[in-house]
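The values are calculated or read from the model by the stated rules, or taken from the named source; none is laboratory data. Fair warning: this is a prediction, and the values are worked out from it, not measured in the lab. Positions of Cβ are generated from backbone atoms using ideal geometry, with glycine treated the same way; all protein chains shown enter the neighbour counts.
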Amino acid sequence: MASSSTSKYNSNSLENSSSKQNLKDGTNWEQNEEIPRLPGETRVTDKDVIYMCPFNGPVKGRVYITNYRLYLRSVENDPVVILNVPLGVISRIEKMGGASSRGENSYGLDITCKDMRNLRFALKQEGHSRRDIFEVLTKYAFPQSHSLPFFAFVNEEKFPENGWMVYNPMSEYRRQGLPNERWRVTFINEHYGLCDTYPSLLVVPYNATDDDLKKVAAFRSRNRIPVLSWIHPETQAVIMRCSQPLVGMSGKRNKDDERYLDIIREANGQISKLTIYDARPNVNAVANKATGGGYESEDAYPNAELSFLDIHNIHVMRESLKKLKDIVYPNVEESHWLSSLESTHWLEHIKLVLTGAIQVADKVSSGRSSVLVHCSDGWDRTAQLTSLAMLMLDSYYRTIEGFEVLVQKEWISFGHKFASRIGHGDKNHADTDRSPIFLQFIDCVWQMSKQFPTAFEFNEQFLITILDHLYSCRFGTFLYNSEFLREKEKVTDRTLSLWSLINSDKSKYTNAFYSKELNRALYPVASMRHLELWVNYYIRWNPRIRQQPNPVEQRYLELLALRDDYIRRLEELQITNNSKISNSSASSTSPSQMVSQVQTHF
Amino acid sequence: EPIEKEVNPHLLPGELLLCEASTVYKYVQEDGSNRGTYGKLVCTNFKISFLDDDSASDDNEPQFKNKIVGENDITLQCVDQIYGVYDEKKKLLTGQLRKYPEKLIIYCKDLRVFNFCLRYTKEEEVKRIVSGIVHHSQTPKLLKRLFLFSYASAAPNNTDGRNQTVMFETLEDWRDELERTKGNVKYKAVTTNEGYRSLEQIPCTEEFTYFSHLMNIFLQIWCWSCHNGAALLKMSTFPKEQDDSTSQMQKAFLDGIYKTISKPPYELLKMDDLSSSLPSLQDIQTAYTRFKQLFLIDNSTDFWATDVKWFSLLESTNWLEIIRRVLKKAIEVAECLEIQHTNVLLIEESATDLCCVISSLVQVMMDSYSRTKSGFQSLIQKEWVIGGHSFLDRCNHLHKSEKEEAPVFLLLLNCVWQLVQQYPPAFEFTETYLTVLSDSLYVPIFSTFFFNSQHQRDTNKVRVWYFVDAVGPFRFLTVWDWCVQFDPKALAFLNNPLYAEKPKPDRSQRKTARFKHQRQLSLPLTQAKPSTKRGFFREETDHLIKNILGKRIGKFINSSDEPPNSLREFYDSWHSKPVDYHGLLLPRIDGPEIKVWAQRYLRWIPEAQLHGGGTIATAAKILDLMEEVQSLQVKMDEEHSQAVSGDAHSVPMLRNSARLSSLFPFALLQRQSVKPALPTSTWKDLEDEDDLVKRDDEFVDLSGDML
């Protein structure tokens, strides 16, 4: 959890702050300290402020800033208001008001966060308190712009599990039954010489030589050649990913690329066509020719069938999320909620992404045809489509560890540009490279888990935790744009993995209703009738919308406990009864005295 | 000549076959393809029924089945609209027909859509069946021609004695209810003119009366009393200036009552005229007509075409907004009763429409007894059936006047559903219960929903009495006798396995008493605190907000500028505490919280089904676990009694939960394959973002790389 603004009526979380506490985010809180602190976290400054809470009105408090977080505690204890915000979520810090205005608290600070909220503080003029706090915040929230390291490199936390061990590409491919007689593992990219945004280990058709790959790379944007993401255990059809071909205005062709795609088509032993899904809208794909890109033409690839999936670019998605924030924060649009929601197009984009992924999955599963997915560069929409299709087809990815592997593989290792899309530690909030592509993917996963409440081992908290640490910079998991850069920065040696936190406390992230099912394709319905706004994420700061713990799940857990209790008692009884039979003495309590009957209806 | 296999309709007692047509082709709604089955289409005085020629081969009996209305049966009252298709054009069929259609589309009030092809049927039969169906289901009818009467006279009196629903047909029932709610301190039940006789016996208004028959109007004033003594009352508006003596008399009577309840000990009285504070019946009818249209889907193309603009389509119907406003009004009333200890008098022209909605909702929210099955049924009896809601006119069962039609009772069920899905453990019944209850509105074998008032029912009962040769008294069936429609296996789906039953009475009494005490103490405190705090801070921050930050920050803390809003306070304060499923329950009414009752409205649409998903997936898991716990319990008992325990006993019944459709228990259609449903029209222009749309993710000229 990144933070929580405790509502005025829900005020007990910090009441007995004298004792050592284990906070929700796993932070240890030592006695005699005013604020929670992670190992390696150091305090920088603290100031008296007024927190302009959008829900409860102004709150007098003291704000503490460390090299990791902003922490605010209200002066009043009843109700106590707490803010606990990792500096990594901060996207922008602005000063509001100043010398020209009157009054002792006319100096304002507006902090825009990446997690759907804004924080506003009013400070006193005396002692330049705003200037100090602004400078400190700017420095530690944007370490990259101040030649400072990410907190992840300073973090000294210890976890029983090592999350860096979760993903091993070789064992993941082996799990899929690879390599086999048609697919081989190549080390051609071991030193990232072929493609610096791809992982070092790639799976390619057995019949394509490393030399072929080099030639194909010349015809694919940023050398991102078609490589295998997933193979269907029965049909042997595969999901391949790549970037757009460099066709250009003149409609260039490349014999090696054409031959390579044909090899892929033939590799599943079927004679069907190779299906190419271009994630972009048709017009954008055409427009890309002007800058040297494009798509596979029918002439050049007669054995391929190309369809466009109409998913929009990163800029459209960014604007859509911005609009969504406008209607949910700080207040939820009162009148015309539905049409406001529609006008953000957020769910419509979710629908398109899901629809695309369903098509990919269905083609591989029932169409028995191999599929090639690309967009322009193959690291945004392509990652969304391949990973979602894999989630639909392979139940392994619906487990906690499986999902971690999926994220690690399709997103992190294949060069989704997390650093550019999120802007970790970078002050340039208006950077047009930023876009909520990964958030959109997690939202799609949430929609699926909502439609199939028993199919996923992980719960909503798991997804929210991933999103919180997508921004927090406490872990190295999402830092940098590529495996190449992460290796250069020795991320696995010098930082901790988010999966260490999660896997050390798995029960917290486990869905009680999960039923393990093997190899069952799971197709969500990409209809607006079923898609919902993820209220528990997008509107979670609003105390009015805050969800109660899921009563259905609670009841289920109660029943589970009751069952286990019965089993335990039964075992005890059987032992005592057996001994009684041998002793032939009998005096037993009535069963109703021991356990109250379960009260249920049928 | 091949002998046609004779398929006979299953007829109820008193049901008569009116007309029939053979070799009718019924399309499977599933897709645009022309798949379907041949069969016989019949029309009786109760229903329209399609009899599948190969019905014998139907070996997989559905788990959830209505014994009275089968999946291919449409009661005459359930028919919403009938369209004929002429040369691919749809035309509404109402009265006399000059030309007979090739295809018949029947839209039902329970949202099923039937497509019948008549191309292979003999012309004579087409004429008979089409005009028969249109005549019997779409044209005005006399009350006594309702199937209800033929059934009641022909069917044996088999009413179930076990029914725990309080019918409120006797004075005793009212006295008990007064006692239960401790309303008997201030109110009492009286009856004055038992034989519905005349006006001479208008009760003396010195004593407060809530129970009277007046001009054949059943007069109920007291609805319910809150634990603190505040009462919920309802009354019709004072008649407009009219000269005739009856209305003068009525006016005098109502004035008298009003004076009585405005004086001590009833002094705190808040009047709420619902006809001005809530949408009109006309608005409600218009909204629902538009809303239901969204779910009467002809085919897959239709489904995906409407999907693109789904949210704005939903909004334009205004139905969800009406639900929101009704829920909000109920919260207002609850706040008056609970916090301000004020009596609330709901007023409406007849006091039998929105008054019933609000008073029922308030009781569901405030009285946990109304959230049990028998409690809810008693509530419907009290507020609606005895309370005189004009079911006959509002449902337009007799096709007399469309002007009177309004889905007022459905509105209540829709509102209750919002509460059920927000707080599942608080209700003894499930959403399936609400869905079948809504379906029962159109099954004319129960008297419950087929009279305008109790008086109308009783007089007609008498009249019929002379028609029939029956010996001894007979009674109409009540819908609360669920065994009439469902067998025990199906009945299980009406009971909520999650229901958090009230603990044992001795313990609970202490507990609830303590809880109430706390609640009363805590609320004034929470009201007082924030307001002082606000005042204190406003001085310090006022200039900042106004002078510097202006509107931008104003948007963020606008609540502090508003006058203290006790309703908001009440709502926020309640929602910030953990829910007590046996205490007060307030619906969440912010935009994202008001949802579409998917089970009722989407249940027949194959595109909307999730294989192995939906809430049914978790419900099935809970049922499985419960069965396991119960069998363990049995084992425990056996161990205790030292009985010979064999392993053979009670293996939990395994439900194939993974394969259940989310439409369950209403899954009429089983998809042949598990092919995913793919949207056929998804593309939409993002008009206002054209410049963004045309851009590429990152602008890099790749043509240079080629060299």
Subset of the range A:332-349 (residues that are assigned to a helix (DSSP H, G or I) and facing chain B (nearest Cβ under 7 Å)): A:Trp337, A:Leu338, A:Ser339, A:Leu341, A:Glu342, A:Glu348
Taking into account only those residues within the range A:394-422 that are within 14 Å of chain B (Cβ to nearest Cβ) and crowded, with 20+ Cβ neighbours inside 10 Å, which is farthest from A:Ser91 (Cα to Cα)? A:Arg398
Quick check on this structure: which one of A:Ile225, A:Ile276 is out of contact with any Gly (no Cβ under 8 Å at 6 or more places or on another chain), in a loop (DSSP other than H, G, I, E, B) and closer than 23 Å to A:Thr186 by Cβ? A:Ile225
If you check A:Ser376 against the conditions, is it within 7 Å of another protein chain (Cβ to nearest Cβ), under 26 Å from A:Cys195 (Cβ atoms), of a type in the set (S, T, N, Q) and crowded, with 23+ Cβ neighbours inside 10 Å? yes
Residue identified as in a helix (DSSP H, G or I) and at pLDDT 55 or above among B:Leu498, B:Leu434: B:Leu434
Criterion: surrounded by 21 or more Cβ atoms within 10 Å (Cβ to Cβ), modelled with pLDDT of 95 or more and of a type outside the set (Lys, Arg) - qualifying residue of A:Phe484, A:Phe462: A:Phe462
For the structure I just gave you, tell me whether A:Asp326 is among the acidic types (Asp, Glu) and in contact (Cβ under 8 Å) with a residue 24 or more places away in the chain. no
Please verify whether the range A:511-518 includes one or more residues that are within 30 Å of A:Arg120 (Cα to Cα), at the interface with another protein chain (Cβ under 7 Å from one of its Cβ atoms) and assigned to a loop (DSSP other than H, G, I, E, B). no
Does A:Leu391 satisfy being among the aliphatic types (A, V, I, L, M), touching a residue at least 24 places away in the same chain (Cβ under 8 Å) and within 14 Å of chain B (Cβ to nearest Cβ)? yes
Out of the residues in the range A:497-513 that are touching a helix residue (DSSP H, G or I) at 6+ places or on another chain (Cβ under 7 Å) and of a type in the set (A, V, I, L, M), which is surrounded by the fewest Cβ atoms within 10 Å (Cβ to Cβ)? A:Ala512
Regarding the range A:95-112, can at least one residue be identified that is surrounded by 15 or more Cβ atoms within 10 Å (Cβ to Cβ) and more than 14 Å from chain B (Cβ to nearest Cβ)? no
Which residue pairs have Cβ atoms under 6 Å apart, sit 6 or more places apart or on different chains, and have a first residue in the range A:163-190 that is free of Cβ contacts under 8 Å to residues at least 24 places away in the same chain and crowded, with 18+ Cβ neighbours inside 10 Å and a second that is outside any loop (DSSP other than H, G, I, E, B) and not hydroxyl-bearing (Ser, Thr, Tyr)? A:Asn189/A:Leu202
Output the strands (runs of 3 or more DSSP E) that fall wholly within the range A:79-159 and possess 1 or more residues being over 20 Å from A:Glu41 (Cβ atoms), or say none. A:90-96, A:107-113, A:118-123
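Listed here are the residues, each with its yes/no results for (1) closer than 26 Å to A:Pro54 by Cβ; (2) over 22 Å from the mean Cα position of the chain (by Cα); (3) not polar (S, T, N, Q).
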{"residue": "A:Val525", "(1), (2), (3)": "no, no, yes"}
{"residue": "A:Leu531", "(1), (2), (3)": "no, no, yes"}
{"residue": "A:Asn536", "(1), (2), (3)": "yes, no, no"}
{"residue": "A:Leu557", "(1), (2), (3)": "no, yes, yes"}
{"residue": "A:Leu573", "(1), (2), (3)": "no, yes, yes"}
Quickly run through the range B:153-167 and pick out the residues that are modelled with pLDDT of 85 or more and either under 20 Å from B:Leu233 (Cα atoms) or in a helix (DSSP H, G or I) (or both). B:Val166, B:Met167
Given (1) surrounded by 21 or more Cβ atoms within 10 Å (Cβ to Cβ); (2) over 26 Å from A:Asn284 (Cα atoms); (3) within 9 Å of another protein chain (Cβ to nearest Cβ), index of the condition A:Leu352 fails: (2)
